[in-house]
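Asker: Attaching a single structure in structure tokens format; questions to follow.
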Amino acid sequence: LQRESARILDPQDWAAFRALSHAALDDALDYLETVRDRPVWQPVPADVRARLQTPLPQNATPLADVYREFVENVLPYPTGNIHPRFFGWVHGSGTPTGALADLLAAIMNSNVGGRDHGAVYVERQVIDWFLRLFDFPEGASGVLTMGTSEANLIATLVARTRACGRVVRDDGLFGKERLVGYASTATHGCVRRAFEVAGLGSASLRVLPTDALHRTDPPAVARAIEADRANGLHPFLIVGNAGSVDVGALDPLDALADLAARENVWFHVDGAFGATGILAPSVAPKLRGIERADSISFDFHKWLHAPYDAGCVLVRDGELHRATFASTPSYLTRMPRGLAAATPWFTDYTIDLSRGFRALKVWFSIKETGARALGAAIEENVRQAKLLGDAVDADDAFELLAPVQLNIVCFRYRAPGMEDDELDRFNDDLVIALQESGIAVTSSTTVGNRRAIRVNITNHRTRDEDLTILLDALKKLARELQL
Ligand SMILES: *Cc1c(COP(=O)(O)O)cnc(C)c1O
């Protein structure tokens, strides 16, 4: 039996495996091509959930049966972000080419923690493209991450090394002045979590009020730094937003860079989706100052549509980046030639050792599409957000809750005669009803104390008429909810 099971991990009948693989690929491409004809999202029914709760299978199942189970129980229930009318949170919509590259990467099954092989050079290439885009100097470094959450954590840790020296790796924060960082109420929650994970404590992140456009306010940061210094604390990090998560605000990055330079603190930019706007001619000028950051985080899986997951962190001072993570236990000894060459390895720049070949889907996609077309897709989404914002503004049924600055529109339905608190509940219910209708997906958030319908457009499949369908559906569902 032992020998049997070892053999079963590879196909016993390659011809049959090949036939099934081809059929599955054809099914998958049909599925992608017809995505517009299906509901954006539907809940997983109780009987389907039950079928996904079986005991551990001890014995073999024919591959065709496993595939059928997938087609019946998993495939019909996607998040929905590949659909043209998915506008929830900030999700990229993926590309067929990215999916193809992911299949090829899985077949190579390279471990990109380090060593000397093709995947390493592909990831270095991708990082280099973006180091140049952001005008980072020679000696800067980068690494692909699971997403911006991990990228922000890495940046926080490198900033911690800068503030405390490499010795912080041995001693932790014992006996050190308390490190404090600066962000705004618009900053993503993963920055707070980075402070928690880094042992700094989230109370060491000053969450400052924004200006009227939801941007970080440099004078407010300057005042907080001054107060903290006066209290014997150690300001070490300012986090700016290039595209804030709630409303898509672009911080005054140049002014924040000035402040960070003056105060000698690390300047990190969280540009999860907004930073990739560097490819769009109308957005790039609004990012001015990003090239002065000490580190930048962004995602390939958001506005550049790489299939999940793929993010990136870039660090101006590559040596400091390495000093934060690199170590060489004997089993990772580097050699001048052979497979253990090509140091530094990616594991010297991150928390992970074994890492997948995430870079391949990014490399394929950028090569096939070209940076210009990726920028044009971003440009198109910005235009659509403006269009939707104007339509909301012009419609008495709706009220815009924040100016449209990039690709996000926050608004609410105004049911006649309802007070604010009632409207909050009503708009939350409306978003749920919309999701359950399968017509479109938005998310909800709070803007200026009021619950909002939040439309994020990072979707290269969205057409203008999808926005009309969205507003019509909201109005129809709102009327039904009021009955
Ligand atoms: C999405 C997002 C994050 C988190 O990125 P993940 O890739 O989901 O980990 C951080 N900051 C902003 C502004 C985001 O939009």
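Asker: Among residues belonging to the range 295-317 that are buried (at least 24 other Cβ atoms within 10 Å of the Cβ) and in a loop (DSSP other than H, G, I, E, B), point out the one that is farthest from the ligand (Cβ to nearest atom).
Answerer: If we take residues in the range 295-317 being buried (at least 24 other Cβ atoms within 10 Å of the Cβ) and in a loop (DSSP other than H, G, I, E, B), then HIS305 is farthest from the ligand (Cβ to nearest atom).
Condition check ((1) among the polar types (S, T, N, Q); (2) under 15 Å from ARG124 (Cα atoms)) across all residues:
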{"site": "ASP309", "(1), (2)": "no, no"}
{"site": "VAL313", "(1), (2)": "no, yes"}
{"site": "SER327", "(1), (2)": "yes, no"}
{"site": "VAL382", "(1), (2)": "no, no"}
{"site": "ALA385", "(1), (2)": "no, no"}
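Asker: What are the residues in the range 273-284 that are within 16 Å of the ligand (Cβ to nearest atom), in contact with a helix residue (DSSP H, G or I) (Cβ under 7 Å, 6 or more places away or on another chain) and either on the phi > 0 side of the Ramachandran plot or not β-branched (Val, Ile, Thr) (or both), if any?
Answerer: Passing the criteria: ALA275, GLY277.
Asker: Name, by its number, the condition in (1) under 30 Å from GLY189 (Cβ atoms); (2) of a type outside the set (Asp, Glu); (3) away from the ligand (no atom under 16 Å from the Cβ) that does not hold for VAL90.
Answerer: Every condition holds for VAL90 apart from (3).
Asker: Still on this structure: Scan the range 193-237 residue by residue and report those that are among the polar types (S, T, N, Q) and within 28 Å of VAL247 (Cβ to Cβ). Steps first, please.
Answerer: Initial filter on the range 193-237 (among the polar types (S, T, N, Q)): 202, 204, 210, 216, 231.
Within the range 193-237, SER202, SER204, THR210, THR216 qualify.
Asker: For residues that are touching a residue at least 40 places away in the same chain (Cβ under 8 Å), away from the ligand (no atom under 16 Å from the Cβ) and part of a loop (DSSP other than H, G, I, E, B), scanning just the range 225-272, find the one that is nearest to PRO403 (Cα to Cα).
Answerer: VAL265
Asker: Just checking, how many residues over the range 197-215 are within 16 Å of the ligand (Cβ to nearest atom), of a type outside the set (A, V, I, L, M, F, W, C) and in contact with a strand residue (DSSP E or B) (Cβ under 9 Å, 6 or more places away or on another chain)?
Answerer: 3
Asker: Residues in the range 332-390 that are within 23 Å of TYR308 (Cβ to Cβ), in contact (Cβ under 8 Å) with a residue 12 or more places away in the chain and not in a helix (DSSP H, G or I): how many?
Answerer: 9
Asker: Right, something else. Would you point out the residue of the range 396-414, among those that are closer than 28 Å to GLU379 by Cβ and of a type in the set (A, V, I, L, M), that is surrounded by the fewest Cβ atoms within 10 Å (Cβ to Cβ)?
Answerer: Here is the first cut: in the range 396-414, the ones closer than 28 Å to GLU379 by Cβ are 398-412.
Still in the list and also of a type in the set (A, V, I, L, M): 400-402, 404, 406, 408-409.
Details: LEU400: 20, LEU401: 23, ALA402: 22, VAL404: 22, LEU406: 27, ILE408: 28, VAL409: 33.
Only one residue fits best here, namely LEU400.
Asker: Shifting gears a bit: Given (1) crowded, with 16+ Cβ neighbours inside 10 Å; (2) at pLDDT below 95, where does GLY417 come up short, assuming only one miss?
Answerer: Status for GLY417: all satisfied but (1).
Asker: Also, I was wondering about something else. For the range 131-178, give me each residue that is closer than 30 Å to GLY448 by Cα and outside any helix (DSSP H, G or I).
Answerer: Here is the first cut: in the range 131-178, the residues closer than 30 Å to GLY448 by Cα are 147-153, 155-156.
Hit for the range 131-178 is GLY147, nothing else.
Asker: Can you find a residue in the range 93-111 that is at pLDDT 95 or above, farther than 30 Å from ASP348 by Cβ and either charged (D, E, K, R) or in contact with a strand residue (DSSP E or B) (Cβ under 9 Å, 6 or more places away or on another chain) (or both)?
Answerer: Checked against the condition, which is being at pLDDT 95 or above, farther than 30 Å from ASP348 by Cβ and either charged (D, E, K, R) or in contact with a strand residue (DSSP E or B) (Cβ under 9 Å, 6 or more places away or on another chain) (or both), the range 93-111 yields at least one hit.
Asker: Only one of (1) assigned to a loop (DSSP other than H, G, I, E, B); (2) among the hydrophobic types (A, V, I, L, M, F, W, C); (3) within 16 Å of the ligand (Cβ to nearest atom); (4) under 26 Å from ALA342 (Cβ atoms) is not met by VAL112, so which one is it?
Answerer: (3)
Asker: Could you name every one of the helices (runs of 4 or more DSSP H) located completely within the range 1-80 that has at least 2 residues being in contact with a helix residue (DSSP H, G or I) (Cβ under 8 Å, 6 or more places away or on another chain) and more than 30 Å from ALA433 (Cβ to Cβ)?
Answerer: 14-33, 63-73
The values are calculated or read from the model by the stated rules, or taken from the named source; none is laboratory data. Fair warning: this is a prediction, and the values are worked out from it, not measured in the lab. With ideal geometry, Cβ positions are generated from the backbone for all residues, glycine too; neighbour counts draw on all protein chains shown.
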